[in-house]
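Here, each number is a calculation from the coordinates, and none is a lab measurement. Keep in mind it's a predicted model, so treat the numbers as computed, not measured. Neighbour counts run over all protein chains shown; Cβ positions are idealised from the backbone, glycine included.
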2 protein chains.
Amino acid sequence: MTAPRTQIARAEVLCRERGVRLTDQRRRVLEILCAAGRPVGAYEIMDAMREGPRVVAPPTVYRALEFLLEQGLIHKIESLHAFVGCDHPEHPHSSEFLICLECGGVAELKDDAVERSLASVTRESGFLPRRRVVEVMGICARCARKEACRRKEEAERSPGPVD
Amino acid sequence: MTAPRTQIARAEVLCRERGVRLTDQRRRVLEILCAAGRPVGAYEIMDAMREGPRVVAPPTVYRALEFLLEQGLIHKIESLHAFVGCDHPEHPHSSEFLICLECGGVAELKDDAVERSLASVTRESGFLPRRRVVEVMGICARCARKEACRRKEEAERSPGPVD
DNA sequence: GGTCGGCACGTTATAAGATATCATGGCGTC
DNA sequence: GACGCCATGATATCTTATAACGTGCCGACC
């Protein structure tokens, strides 16, 4: 994961280059997302913004999110109804996401093989792709290791039937 | 797409084999989904059910949907908040979906290359996958053809600047 | 034959996510 | 200084989803 500070700085540069405005509200939403480093829902973002100078209503948050999505600075995780900062916003892209059911963490991948196979299967169908959603839910490496340790310890304490 | 009647019949058999109950409500939801042949939202299903003998409330619909999902008889399209009947419910699986932005139609694919590449990239990350969401939004072949025809006709009527 | 437990369903209420609509206010252009 | 554009404010509402609790059927078991 990229450091939040860096992500904001890159976003500033990109927006300037593109001639679009990274306003206070928009930057604030981006900051919240980057600082969290995990998927955050629109209303959670709204709550976080209430900490600041003024109260905001849902449309404000959704407008900022819409802008950030358009600029490729964040992604929406459809299966979670939540948003994450993008790890490499330099060029617009769709990514693949690995979502841990245990810790809620999300890893953003960019895998050529996945993209090639998807491109080829859509092409075969005569389908013109515009946006891709690829989300894999499961258990991340860290949580899997933890779980394995836990089981081992348990087994050592009471060596008996195992499920 | 499979004929709705066939899909229901197969579901009956599968449920009997598995020792689970395809109750009236559950079958009704499945019928509505299969008859539609396109993604249908939970509340639209609810409205369709109101046509029948009794009024149903959201939890009833969601419970039926949950059952059908568990049995692999339907799929949820995350990016549409909607559900579709499964084309081949014989063995549990995740599929890839092509969603047309023009006509709203959905095609269910099962592509080995996509699955292999996804499996390999998750394995590399030490990630244990449980459920996959692969949805490609775009324009289906039929709509693309129609659009092409429309443009051609327009060009013939007024041969001028093209966008 | 009664009763106990599990399961499906009913009912009410509400949480969570998203958008429509109209008003306001800053800021640059001409 | 009037106009238009864009971002935001504010209110209301819509859509999607779930929590919590109650009822009734039905088979297992005594």
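Tabulated data
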| read-out | value |
| --- | --- |
| Largest-first ellipsoid semi-axes for segment A:1-87, taking √(5λ) over the Cα gyration tensor eigenvalues, angstrom | 18, 15, 12 |
| Copy-to-copy label separations for A:Glu153, where each label sits 7 Å from Cα toward Cβ, in nm and ascending | 7.1 |
| ³J(HN,Hα) computed for each position of segment B:20-32 - Karplus, 6.51 cos²θ - 1.76 cosθ + 1.60, integer Hz, glycine/proline x | 10, 9, 8, 6, 4, 4, 5, 5, 4, 4, 5, 4, 4 |
| Relative contact order for segment B:15-163, counting Cα pairs under 8 Å that sit 6 or more residues apart, in percent | 19 |
| Computed log₁₀ I(q)/I(0) - Debye formula, equal Cα scatterers, no solvent, segment B:1-47, q 0.15, 0.19, 0.29 Å⁻¹ | -0.39, -0.61, -1.08 |
| For chain B, alpha-carbon Rg relative to the globular expectation (2.2 N^0.38 Å, N residues) | 1.28 |
| Other-copy label distances relative to B:Arg10, 7 angstrom Cα-Cβ extension, nm | 4.4 |
| Alpha-carbon Rg with Dmax, taken over the protein assembly as shown, Å | 23.0, 84 |
| Residue-averaged [θ]222 nm for chain B, counting only DSSP H segments that reach four residues, each worth -39500 (n - 2.57) | -15500 deg cm²/dmol |
| Rounded to 5, percent antiparallel among DSSP beta bridges of segment B:94-163 | 45 |
| Hits among aspartates and glutamates - C-alpha to C-alpha of A:Lys110 under 17 Å, sequence gap 8 or more where chains match | A:Asp87, A:Glu90, A:Glu96, A:Glu135, B:Glu115, B:Glu124, B:Glu135 |
| Dmax and Rg, reported as Rg then Dmax, of segment B:94-163 (C-alpha, Å) | 18.8, 59 |
